[in-house]
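Student: My questions all concern the structure below.
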Amino acid sequence: MTNNKIMRIDLSSFKSEVYEDPKLFGKYLGGTGVATKLLYDMNIKNIDPLSPESPIILAIGPLNGIYPIATKTIAMFKSPLTGNLGESHAGGRLFMSMYDAGLSAIVIAGKSPYPVFIVIKDEEVEFHRAYSIWGQSALATERILHSRAEGVGKRSIIRIGPAGEHKSLMANVSVDTGRHFGRLGLGAVFGSKNLKAVVISGSKRHKTENFAKFNKIYNKIFWDAVKSPAMKKYHNLGTPQNVLPLNKINSLPTRNFSQGFFENAEALSGENMSENYLAQQIACANCPVGCIHLGVLREPFEDNIHYKSFKIPYDYEPIYAMGTNLSISTPEALLKLLYIVERAGWGVMETGVTLSWATEAFERGIIGVKETDGLVLNFGDFETYEKVLYNMWNMKNEFYGDLNNGSAFCAEKYGGKEFAINFGKNGSPGYITGRDAFLGFLMGVRHSHLDSAGYSLDEKIIKGEMSEDPSAEVDLLIKEEEWRFILNSLTICLFARKIYTEDLVLEALDSVGIHRKSEQLKNLSRRIHALKYKIKIDNGFDLDKLEFPEKLYRVQTGRGKMDKGVVRKMISDYTSKIREIIREAEDE
Amino acid sequence: MRKVMRVVNRAQCTGCYSCMYACSRTYFHIATTKLSAMRVKNYPGVEGAFSIRICTGCAHPDCAAACPTEALTVRKDGGVIFHEEKCIHCYKCVEACTLNAMQWDPIAREPLVCHQCGICAEYCPNGVLALVEVEDDE
Ligand code: SF4
Ligand code: SF4
Ligand code: SF4
């Protein structure tokens with residue numbers, strides 16, 4: 001495939017165009033690189049994230065559709081949750097449908113005067129009225145469009161639930177089955193444009209440049225993935241394999257990050273979930289690993305004579321967010337909560353962090369039954385959480401409307417910032433391993449655990465495989481994040497990062513006619529880093545006001561209590577390095 | 001005894017499409033699912049159920065019976081052999097296959113005929129497909 005076609009869709013005029021931009025793709029490869037540059041050039045500084053001008057960018061890279069486990073699509077937007085860089089990654093079939101359509105990027109802007117869903121078939125775009133599916137859950141919407149919206153090949157269906165329609169700042173976009181653009185509020189941007197769903201398919205097939213080379217590399221990746229024990233783990237227990245090991249090192253967030261040990265971790269462990277609740281595993285297209293775990297929930301109805309069952313995707317982060325961190329101790333209760341979140345279309349991590357903030361705020365008397373409309377919030381009280389979620393879904397009162405806007409918004413309005421566990425306004429991922437995890441969440445461009453995986457540095461230090469060294473730790477975080485910009489420009493699933501080494505990446509790129517050297521990749525990732533940070537800073541991300549939530553300093557992390565002085569120093573060290581990176585890029 | 005393809009563990013399918021990629025790659029040298037002689041069909045929703053349609057190498061193939069020009073002839077070990085020069089692009093073979101296993105290349109307007117080679121099964125990480133021995137009259 002040429003790997004340089006961009007489709008632009010304007011929802012205000014119902015028009016679209018496709019054009020080529022070889023220069024952009026030549027320089028930024030694809031995925032996060034290309035999307036960052038596109039967003040940067042749009043100069044979104046004075047744009048309200050929920051206004052018609054606010055763009056939605058979807059991008060894939062030059063290896064998608066060709067090699068296994070290059071399965072992600074990057075979504076880039078202005079985040080309504082944080083006000084700055086919005087970026088979220090999702091798997092499923094979306095990358096494949098874009099590849100089949102021959103589109104490397106899709107940019108959607110404008111606002112439809114009424115609810116619509118878009119059907120993209122190759123370079124054609126249809127706009128359909130969506131009044132009848134407005135209000136449908138994210139799951140029902142997929143079922144309906146699957147039988148309603150025809151395609152010209154395997155389709156990918158991405159859609160919002162009621163949360164996105166309400167412009168909940170933590171609304172996600174669901175992608176096919178069990179994958180999501182989960183973070184930073186993309187669902188609200190869809191909702192603000194009256195965009196319920198996008199269905200994509202394509203009929204194209206693209207010639208292989210050099211078959212022998214391609215075949216060799218394909219087989220190497222494929223069989224590495226199938227045979228490697230690390231990848232097997234992703235298939236067997238999935239990401240929930242982490243529950244018990246993290247609990248063991250006191251790093252599993254429990255009751256709003258009060259401790260790293262959850263007494264019922266066993267019940268929510270990957271082992272127990274697999275043994276007793278797993279219905280099946282599924283995979284993103286072209287991924288032999290298949291890490292997506294669907295749990296089954298069986299519920300009686302009508303005097304316990306009848307049963308109904310649901311399949312609900314679960315992963316480590318949802319288990320932390322709606323499980324351990326809310327002290328939910330049974331898989332049944334957890335799956336029920338996840339089912340509501342999935343249907344409503346909220347990002348599960350922000351939802352969990354917001355509920356855990358609310359519970360602690362209630363305990364401390366910052367909010368009361370006046371706000372909650374009579375509900376008493378307690379950690380572990382699954383039935384009340386269920387009611388809270390439905391009240392949020394229905395926007396029952398001002399408070400429940402506010403909960404839709406996430407933990408940072410709520411803490412700002414009601415108080416309790418010190419225990420609203422978010423970084424850069426994005427709800428925390430599920431690790432209390434130590435300062436490197438937190439530093440990664442704070443300084444990573446997406447405030448995601450996948451930015452730089454600081455928890456794995458913490459784990460190494462806990463295990464004694466590495467010694468403490470604040471300045472080296474900062475450097476390692478930056479190094480890891482910058483390498484991941486390359487993987488994310490090729491939109492490789494980060495679970496396959498051990499397979500996609502730099503040598504393999506260079507070889508794979510070479511096989512599709514992109515000849516690069518290690519040094520060039522390094523320069524590109526630096527540049528991407530600089531651009532992302534420039535977007536962040538332009539849009540209000542203040543390098544001088546960076547803090548961990550105060551509560552975390554009192555918590556016993558996997559690495560023990562954090563020394564505030566040292567952490568402060570690391571943050572300032574990190575920010576000066578970021579400033580340096582930006583300066584270097586400007587000098588170029 | 002002859003060897004033909006079977007779906008042996010449908011419920012173990014993860015929907016990864018490695019099988020379809022393998023088939024297209026082998027016979028067309030292209031990275032796509034579209035040129036595969038078999039299909040993994042998706043069902044909507046979180047239910048995540050897949051249905052696999054692959055030529056089972058019939059001894060009395062309906063597709064060949066439906067072909068008006070003998071572009072499909074019965075293969076010794078089951079299934080069919082495609083004679084491209086005789087194909088008049090009528091689509092009757094696809095319609096005749098009750099399993100919906102016979103695939104179609106919409107660009108060449110020709111059937112994608114399974115060779116009963118077992119390569120898709122080799123690439124299935126979950127043991128869903130297999131080349132199995134069956135009795136001659138089966
Ligand atoms: S490892 Fe999991 S998330 Fe990654 S591509 Fe495979 S199925 Fe998708
Ligand atoms: S048996 Fe061979 S020809 Fe038939 S579907 Fe599988 S890979 Fe294709
Ligand atoms: S390779 Fe196996 S698991 Fe993957 S889609 Fe094909 S039959 Fe299903």
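The values are calculated or read from the model by the stated rules, or taken from the named source; none is laboratory data. Here the structure is a predicted model, which is why all the values come from computation and not from measurement. In this analysis, Cβ positions are derived from the backbone assuming ideal geometry, glycine residues included, and neighbour counts consider all displayed protein chains.
Student: If only one of B:THR33, B:THR56 is β-branched (Val, Ile, Thr), more than 8 Å from chain A (Cβ to nearest Cβ) and in a loop (DSSP other than H, G, I, E, B), which one is it?
Tutor: Details: B:THR33 fails: more than 8 Å from chain A (Cβ to nearest Cβ).
Criteria check complete, one pass: B:THR56.
Student: Given the options A:GLY295, A:GLY260, A:GLY270, A:GLY345, name the one that is under 29 Å from A:ARG93 (Cβ atoms) and away from chain B (no Cβ under 14 Å). Quick ask: steps written out before the conclusion?
Tutor: Working: A:GLY295 fails: away from chain B (no Cβ under 14 Å); A:GLY260 fails: under 29 Å from A:ARG93 (Cβ atoms); A:GLY345 fails: away from chain B (no Cβ under 14 Å).
Only one candidate passes the filter, namely A:GLY270.
Student: If B:ASP77 meets every condition in (1) within 15 Å of ligand 2 (Cβ to nearest atom); (2) surrounded by 15 or more Cβ atoms within 10 Å (Cβ to Cβ); (3) in a loop (DSSP other than H, G, I, E, B) apart from one, which number is that one?
Tutor: Checking B:ASP77 against (1) within 15 Å of ligand 2 (Cβ to nearest atom); (2) surrounded by 15 or more Cβ atoms within 10 Å (Cβ to Cβ); (3) in a loop (DSSP other than H, G, I, E, B), the one that fails is (2).
Student: Also: Of A:ASN488, A:ASN523, A:ASN539, which residue is free of Cβ contacts under 8 Å to residues at least 40 places away in the same chain, assigned by TED's automatic domain parsing to the domain that holds A:VAL445 and of a type outside the set (D, E, K, R)?
Tutor: Numbers: A:ASN488 fails: free of Cβ contacts under 8 Å to residues at least 40 places away in the same chain; A:ASN539 fails: free of Cβ contacts under 8 Å to residues at least 40 places away in the same chain.
Unique residue meeting the criteria: A:ASN523.
Student: Let me ask you something else. Check A:PRO68 against each of (1) of a type outside the set (A, V, I, L, M, F, W, C); (2) within 14 Å of chain B (Cβ to nearest Cβ); (3) not in a loop (DSSP other than H, G, I, E, B) and name the one condition it does not meet.
Tutor: Of everything listed in (1) of a type outside the set (A, V, I, L, M, F, W, C); (2) within 14 Å of chain B (Cβ to nearest Cβ); (3) not in a loop (DSSP other than H, G, I, E, B), A:PRO68 misses just condition (3).
Student: Is it the case that B:GLY15 is more than 14 Å from chain A (Cβ to nearest Cβ) and either surrounded by 21 or more Cβ atoms within 10 Å (Cβ to Cβ) or at pLDDT 95 or above (or both)? Outline the logic, then answer.
Tutor: On the way: more than 14 Å from chain A (Cβ to nearest Cβ): no; either surrounded by 21 or more Cβ atoms within 10 Å (Cβ to Cβ) or at pLDDT 95 or above (or both): yes.
Here the answer is no, as B:GLY15 does not meet what is asked.
Student: Can you tell me which residues in the range A:538-560 are surrounded by fewer than 19 Cβ atoms within 10 Å (Cβ to Cβ) and touching a helix residue (DSSP H, G or I) at 6+ places or on another chain (Cβ under 7 Å)?
Tutor: Passing the criteria: A:LEU543, A:LEU546, A:GLU550, A:LYS551, A:TYR553.
Student: Still on this structure: For the range A:445-496, list the helices (runs of 4 or more DSSP H) that sit wholly inside it and hold at least 3 residues that are within 16 Å of ligand 2 (Cβ to nearest atom) and among the basic types (Lys, Arg); which are they? Before the answer, list the steps.
Tutor: Working: elements: A:449-452, A:454-462, A:470-489.
Of the helices (runs of 4 or more DSSP H) lying wholly inside the range A:445-496, none has at least 3 residues that are within 16 Å of ligand 2 (Cβ to nearest atom) and among the basic types (Lys, Arg).
Student: Let me ask another. If a residue counts only when it is touching a His at 6+ places or on another chain (Cβ under 9 Å) and either at negative phi or within 14 Å of chain B (Cβ to nearest Cβ) (or both), which strands (runs of 3 or more DSSP E) contained entirely in the range A:112-176 have at least 1 such residues?
Tutor: Ranges flagged: A:116-121, A:156-159, A:173-175.
Student: Have a look at A:LYS204, A:LYS220, A:LYS233 and point out the one that is of a type outside the set (Asp, Glu), in contact with a helix residue (DSSP H, G or I) (Cβ under 9 Å, 6 or more places away or on another chain), in a loop (DSSP other than H, G, I, E, B) and surrounded by fewer than 21 Cβ atoms within 10 Å (Cβ to Cβ). Give the derivation first.
Tutor: Values: A:LYS220 fails: in a loop (DSSP other than H, G, I, E, B); A:LYS233 fails: in a loop (DSSP other than H, G, I, E, B).
Of A:LYS204, A:LYS220, A:LYS233, the one residue that is of a type outside the set (Asp, Glu), in contact with a helix residue (DSSP H, G or I) (Cβ under 9 Å, 6 or more places away or on another chain), in a loop (DSSP other than H, G, I, E, B) and surrounded by fewer than 21 Cβ atoms within 10 Å (Cβ to Cβ) is A:LYS204.
Student: Within the set of pairs 6+ apart or on separate chains, which have a first residue in the range A:326-341 that is more than 12 Å from A:ASN264 (Cα to Cα), a second that is acidic (Asp, Glu), and C-beta atoms under 9 Å apart?
Tutor: That search, which allows pairs on different chains as well, returns A:GLU332/A:GLU299; A:ALA333/A:GLU383; A:ALA333/A:GLU386; A:LYS336/A:GLU299; A:LYS336/A:GLU386; A:LEU337/A:GLU386; A:ILE340/A:GLU386.
Student: Right, something else. Cβ-Cβ distance below 7 Å, separation of 6 or more or different chains: which pairs start in the range B:93-115 with a residue that is without any contact (Cβ under 8 Å) to a residue 24 or more places away in the chain and end on one that is outside any helix (DSSP H, G or I) and away from ligand 1 (no atom under 16 Å from the Cβ)?
Tutor: Qualifying pairs under 7 Å: B:TRP104/B:TYR91; B:TRP104/B:PRO111; B:TRP104/B:LEU112; B:PRO106/A:SER203; B:ARG109/B:HIS89.
Student: As an exercise: evaluate B:THR32 against (1) of a type in the set (Ser, Thr, Tyr); (2) farther than 30 Å from A:PHE95 by Cα; (3) within 15 Å of ligand 3 (Cβ to nearest atom) and give the number of the one condition it does not meet.
Tutor: Failed condition: (2).
This table checks each residue for (1) in contact (Cβ under 8 Å) with a residue 24 or more places away in the chain; (2) not assigned by TED's automatic domain parsing to the domain that holds A:PHE14.
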position	(1), (2)
A:ASN194	yes, no
A:GLU209	yes, yes
A:LYS213	yes, yes
A:LYS220	yes, yes
A:TRP223	no, yes
